[in-house]
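Structure, as structure tokens:
The values are calculated or read from the model by the stated rules, or taken from the named source; none is laboratory data. Everything quoted here is computed from the prediction, not taken from an experiment. Note: ideal-geometry Cβ built from the backbone for every residue, glycine included; neighbour counts use all protein chains shown. With ligands, DNA and RNA removed, areas are computed over all heavy atoms of the protein, side chains included. Shrake-Rupley method; radii C 1.70, N 1.55, O 1.52, S 1.80 Å.
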Amino acid sequence: MPTHLILLVIQRFALGVLLLLASSVLIFAGTQILPGDVAQAVLGQAATPEAIANLREEMGLNEPAVSRYLSWLLGALQGDFGTALTNGADIGSAIAKRLSNTLFLAFWAALVSVPLAILLGLIAVRFRNRWPDRLISAVSLATISVPEFVIGYLFMFFVAVKLRWVPSVSMLNDSMSLGQKLQSIALPVIVLTFVVLAHMMRMTRATILNVMEAPYIETAELKGLSRFAVISRHALPNAVAPIVNVVMLNLAYLVVGVVVVEVIFVYPGMGQYLVDHVAKRDIPVVQAAGLIFASVYILLNMTADIIGIVANPRLRHPK
Amino acid sequence: MRDSVTHSLVDIRGLKIGATVFAPGEKPRDIEIVHGVDLTLEKGKVLGLIGESGAGKSTIGLSTLAYGRGGIKITGGEIFINGEDILKDSTSDLRNLRGRKVTYVSQSAAASFNPSKRLMDQIVESCLSHGLCSRKDAERRAIRLFEKLGLPEPETFGNRYPHQVSGGQLQRAMTAMALCPEPDLVIFDEPTTALDVTTQIDVLASIKEAIRETGVGAIYITHDLAVVAQVSDHIMVLQHGRMVEYGTTDQIINNPCEDYTRALVSIRSTIHDETPSRGQPVLKLENVSARYRGLNFDVVKNVSVEIHPSQTLAVVGESGSGKSTLARVMTGLLPARDGTITFNGDILPTALEDRSKEQLRELQMIYQMADVAMNPRQTIETIIGRPLEFYFGMKGAEKRARVVELLDEIELGEGFLKRYPAELSGGQKQRVCIARALAAKPRLIICDEVTSALDPLVADGILKLLLNLQEIEQVSYLFITHDIATVRAIADMIAVMYQGNVVRYGAKSKVLSPPFDDYTDLLLSSVPDMRLGWLEDVISTRKMDSAGN
């Protein structure tokens, strides 16, 4: 890889780290200005002012915000997110379990939805303005317009309750085999696929149609290549950067935005964990979850940027 | 299999081609572009298709692949390739025709290669997808073609990406791509038009050699009769989708029958007598150097030239020689890094912002692309009236009267006042741009490649107009061009630029007479001559390689 390309990549990476720091400040500041007092929340309404004051002292809440931020950040960098206020459990190990569950779900949803979206996009281009294109567009628009909880409950009703093919609740535990796990998450995977498919499919279609106007597509057509070979061999490689961008945004959504789906299917992932602890005003957990969501988002978008840079032949093979 | 001996390679009968036009605010309507053309081509022969833009030559060329750009459709007639009516072909038959029996070389190879694939992958693609030979054999064929076409390092040339090779090399690579599947017919669609003249000659010579060696039949499309005269056996002249004349190359060049053909043959005949340098120079550049930000070398190096009243200084050179940058330096868009510019005896501030309104008025510009130099939503009256208002504060009837006067001067007339740029032809648009520059009553007009985007006959009209206006308005021109024929037609003084330097400067009669320096010799000898055998003569007597290699 040429040096200026490596420099560009390093630059993107540094920018990502900077962005992450900035979002950690935002998360910390955001949780500080929330109404209510942590000590109050822990001890409940009946607590005496002395007890609250003691607990504040004990928790270090009287320290200045900057030093609390720094010690929180330093801890987080070492994987130490502190302990949950509500049950005193170590947040790091609780999150590790939840995060791996969420990533497991996101991975399978991505594995189904990304290739499917690109394939459908290619088919839509191949049959542009004919019935397959219209059908794909209409169905994907419909699925993106219907809220995911509606789709979720519909599937639950028909597939799980009426047909009894899969369980309606997606429980996971370590003793399950991979096959059992997959059966358990089948419904949320389908619902998530429906949610993210349309974006990626429509972006693929639009980008490739744009590339199809290029003179080199005419060259390919005049070589007598089949229509599909023209699209997949000549148009797709030049449409990679925008497609990767929207794919990454949707992957980020699969991790960060699964809250509703996880709650519907009672799936033990990050989303449910976050919702539970927001309800309980468990600030350290909210902070930790926020930081992890931000990292995932920034990491995926950074990856999209870097792929975009590397996919450009002019940058990869300079004169 | 049909008996191939009895059939011509191409036999086109009564070909009609139409398109659907979607004009904004109107109902889509069908127009006819080609109105019944007949054409035959025997195996191994080369037919030149010549005509101006809109003549239908590319459309006819692409019809032999049963292909139409955009909404273009073949609406009538028959096209036989080796005796097979390709308009009756199924989709799979067409695939078998394209890229195997008939291949295509486009004007802009730079845009016609896929930027994200290596050249070799694209060049052997036809062979592989049609199952003509193994990848190894196809690559061997390609390398042999690279050698034949004079490409550098033929063994490894194919490993490069399109952006890693020059324009002339890409054009040759595209020729290799077209010849690789060993087709019966190659369509060359203006393959050298986008190239510099010294590069064009090499590409032209290698294309001609490749055609001769492979014995392939070819249709060579161009607007330049002198170019097509070098490669073709027969020539067909087209105008507005109809055939005007057809004959052997010798007959068309030496004994044209039709008036239109005669006009095309005699096109480079505008002659202008030199105006001597008199009085104080309008513009004087002394040791001017300039560079773009971020570059560590000068793009214009130590240039000293003068332009006298009512004179035309032609700055001639190839792309990248610094001639347009020189214009930017004069206008102040790119402030000179070193040297002085004197205008009407006063030192001109180098930067645009530091110049007075009067200085701006006296130095006007006309550009190559007339359509992008005008606001498409303004009428011609507004466009030409704007400098009148801005520099002279004219209003109402006075302004309109002056606009009409200017429209008369550019031979368009009052009827154009309320028209929009989109309703004008290319030549008319350029005339409006000239009127707009004249409206400011400048002492000097910088003309940057103003005729390069126009058809030869239209360009000729523009040059004649510019010369007339020079006599009436006593204006000086700085005329930037890559075309020697234009220089001969219009210049009094000439500056030849090469890699940022002025390598030759002086009166036209001196600059264009021997003894020449090597570069000027190369430039002059590379301009196609309207005679048979010119290409062979010039290749054998060259002293210097072209800049494209």
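So if each residue of separation counts as 0.36 nm, and I subtract the Cα-Cα distance between A:LEU15 and A:ARG56, what length gain in nm does that give?
Computed gain between A:LEU15 and A:ARG56 is 11.1 nm.
Of A:PHE228, A:PHE28, A:PHE127, which has the most accessible area with a 1.4 Å probe, and how do the rest follow in descending order?
The residues order as A:PHE228, A:PHE127, A:PHE28, largest area first.
For the protein assembly as shown, with only Lys/Arg (+1) and Asp/Glu (-1) charged at the beta-carbon, what is the dipole magnitude about the Cα centre, in debye rounded to 20?
Roughly 1760 debye for the protein assembly as shown.
Considering only protein heavy atoms and a probe of 1.4 Å, how much of the accessible area of the range B:283-513 is carbon and sulfur, as a whole percent?
Carbon with sulfur: 48 percent of the solvent-accessible area.
Note down the magnitude of the dipole of chain B about its Cα centre, charges +1 on Lys and Arg C-beta and -1 on Asp and Glu C-beta and zero elsewhere, to the nearest 20 debye.
1260 debye
Determine the gain in length on full extension of the stretch A:TRP165-A:ALA206; use 0.36 nm per residue of separation and subtract their C-alpha separation, reporting nm with one decimal.
Here the segment from A:TRP165 to A:ALA206 would lengthen by 11.1 nm.
Work out from phi, with θ = phi - 60° and the Karplus expression 6.51 cos²θ - 1.76 cosθ + 1.60, the ³J(HN,Hα) of each residue of the range B:138-151, listed in order in whole Hz, and give x for Gly and Pro.
Karplus values, whole Hz, x for Gly and Pro: 4, 5, 5, 4, 4, 5, 4, 5, 4, 4, 4, 8, x, 7.
Pick out, from B:GLN107, B:SER513, B:TYR498, the residue whose Cα sits farthest towards the positive end of the charge dipole of the protein assembly as shown, with +1 on the Cβ of Lys and Arg and -1 on the Cβ of Asp and Glu.
About the Cα centre, the residue reaching furthest to the positive side is B:GLN107.
In whole angstrom, how far apart do the alpha carbon centroids of the range B:50-93 and the range B:385-437 sit?
42 Å
With the crude spin-label approximation of a point 7 Å out along Cα→Cβ, what separation in nm comes out for B:THR20 versus B:GLU213?
4.7 nm
Compute log10 of I(q)/I(0) for the range B:283-513 with the Debye formula, placing one identical point scatterer on every Cα and leaving out solvent, at q = 0.09, 0.12 Å⁻¹, to two decimals.
Relative scattering, expressed as log10 I(q)/I(0), comes to -0.37, -0.66.
Rolling a 1.4 angstrom probe over the protein chains, ignoring ligands and nucleic acids, what is the accessible area of B:SER112 in square angstrom, nearest 10?
10 Å²
Using a 1.4 Å probe on the protein heavy atoms, what percent of the accessible area of the range A:34-172 belongs to carbon and sulfur?
That fraction is 67 percent.
Which cross-chain or sequence-distant (5 or more) residues have an amide H under 5 Å from the amide H of B:ARG504, H modelled 1.01 Å from N in plane?
Placed amide hydrogens put B:VAL496 under 5 Å from B:ARG504.
Can you give the FRET efficiency for B:TYR260 and B:LEU333, using 1/(1 + (r/R0)^6), R0 = 41 Å, r = Cβ-Cβ distance, to the nearest 0.05?
0.50
So what is the accessible area of the protein assembly as shown per residue, in Å², with the probe set to 1.4 Å?
I get 45 Å² per residue for the protein assembly as shown.
Out of residues 5 or more away from B:VAL105 or on other chains, whose amide H comes under 5 Å of its own, with H placed 1.01 Å from N in the peptide plane?
B:ILE187, B:PHE188, B:ASP189
Can you tell me the dipole magnitude for chain A around its Cα centre, using point charges on the Cβ only (Lys, Arg +1; Asp, Glu -1), in Debye to the nearest 20?
1620 debye
Report the FRET efficiency, 1/(1 + (r/R0)^6), for A:ARG316 and A:VAL260, where r is their Cβ-Cβ distance and R0 is 45 Å, rounded to 0.05.
Taking R0 as 45 Å, the efficiency between A:ARG316 and A:VAL260 is 0.65.
Show me, for the range A:97-103, the HN-Hα J-couplings you get by feeding each phi into the Karplus relation (A = 6.51, B = -1.76, C = 1.60, θ = phi - 60°), rounded to Hz, glycine and proline as x.
5, 5, 4, 5, 5, 4, 5
With a ≥ b ≥ c the root eigenvalues of the C-alpha gyration tensor of the range B:138-287, is it rounded (a/c under 1.5), prolate (a/b larger than b/c) or oblate?
Cα axes put the range B:138-287 in the oblate bin.
Provide the per-residue ³J(HN,Hα) series for the range A:186-203, in order, calculated from phi with Karplus coefficients 6.51, -1.76, 1.60 and θ = phi - 60°, each as a whole number of Hz, with x at glycine and proline positions.
3, 5, x, 4, 4, 5, 4, 4, 4, 5, 8, 4, 4, 3, 5, 5, 5, 5
Rounded to the nearest 0.05, what FRET efficiency is calculated for A:GLN78 and A:MET176 with R0 set to 25 Å and r the Cβ-Cβ distance?
Efficiency, from the Cβ-Cβ distance: 0.20.
For the pair A:ASP276/B:LYS510, report the inter-label distance in nm, with labels modelled 7 Å from Cα in the Cβ direction.
Here the modelled spin labels are 9.4 nm apart.
Which whole-angstrom value gives the distance between the alpha carbon centres of the range A:219-279 and the range B:253-316?
Answer, in whole Å: 57.
Which percent, to the nearest 5, of DSSP beta bridges fully inside the range B:283-513 are antiparallel?
Antiparallel bridges make up about 50 percent of those DSSP assigns within the range B:283-513.
Indicate the gyration tensor shape class of the range B:460-537 (rounded, prolate or oblate), computed on the Cα atoms with a ≥ b ≥ c the square roots of the eigenvalues: a/c under 1.5 is rounded; otherwise a/b larger than b/c is prolate and the rest oblate.
Oblate.
Lys/Arg Cβ at +1, Asp/Glu Cβ at -1, dipole of the protein assembly as shown taken about the Cα centre: which of B:GLY76, B:GLN311, A:PHE107 is farthest positive-ward?
Of B:GLY76, B:GLN311, A:PHE107, it is A:PHE107.
Specify which residue in the list B:GLY322, B:ILE12, A:VAL286 is farthest towards the positive end of the charge dipole of the protein assembly as shown, using unit charges on the beta carbon of Lys, Arg (+1) and Asp, Glu (-1), about the Cα centre.
After comparing all options, I get A:VAL286.
Which shape class, rounded, prolate or oblate, goes with chain A when its Cα gyration tensor gives a ≥ b ≥ c as root eigenvalues, a/c under 1.5 marks rounded, and past that a/b bigger than b/c marks prolate?
oblate
Taking the Cβ of B:THR103 as the centre, find all other residues whose Cβ is under 15 Å away and add up their charges (Lys, Arg: +1; Asp, Glu: -1).
Summing Lys/Arg as +1 and Asp/Glu as -1 gives +1.
How far apart, in nm, are the 7 Å Cα→Cβ label points at B:PHE297 and B:ARG69?
According to this spin-label approximation, the distance is 3.5 nm.
Can you tell me how much longer the chain between B:THR6 and B:ASN287 gets when fully stretched, taken as 0.36 nm per residue apart minus their C-alpha distance, in nm with one decimal?
Stretched fully, the B:THR6-B:ASN287 segment lengthens by 94.3 nm.
Please go through the residue pairs B:LYS148/B:LYS323; B:LYS101/B:LYS136; B:LYS16/B:LYS148; B:LYS45/B:LYS323; B:LYS464/B:LYS510 and name each one whose alpha carbons sit more than 30 Å apart in this structure.
From the list (B:LYS148/B:LYS323; B:LYS101/B:LYS136; B:LYS16/B:LYS148; B:LYS45/B:LYS323; B:LYS464/B:LYS510), the Cα-Cα distance tops 30 Å for B:LYS148/B:LYS323; B:LYS16/B:LYS148; B:LYS45/B:LYS323.
What area, in nm² and to one decimal, does the C-alpha convex hull of the protein assembly as shown cast on average over all directions?
Reported value for the Cα convex hull: 49.9 nm².
Provide the three semi-axes, in whole Å and in decreasing order, of the ellipsoid equivalent to the range A:102-281 as defined by the square roots of 5 times the Cα gyration tensor eigenvalues.
One finds semi-axes of 36, 17, 15 Å for the range A:102-281.
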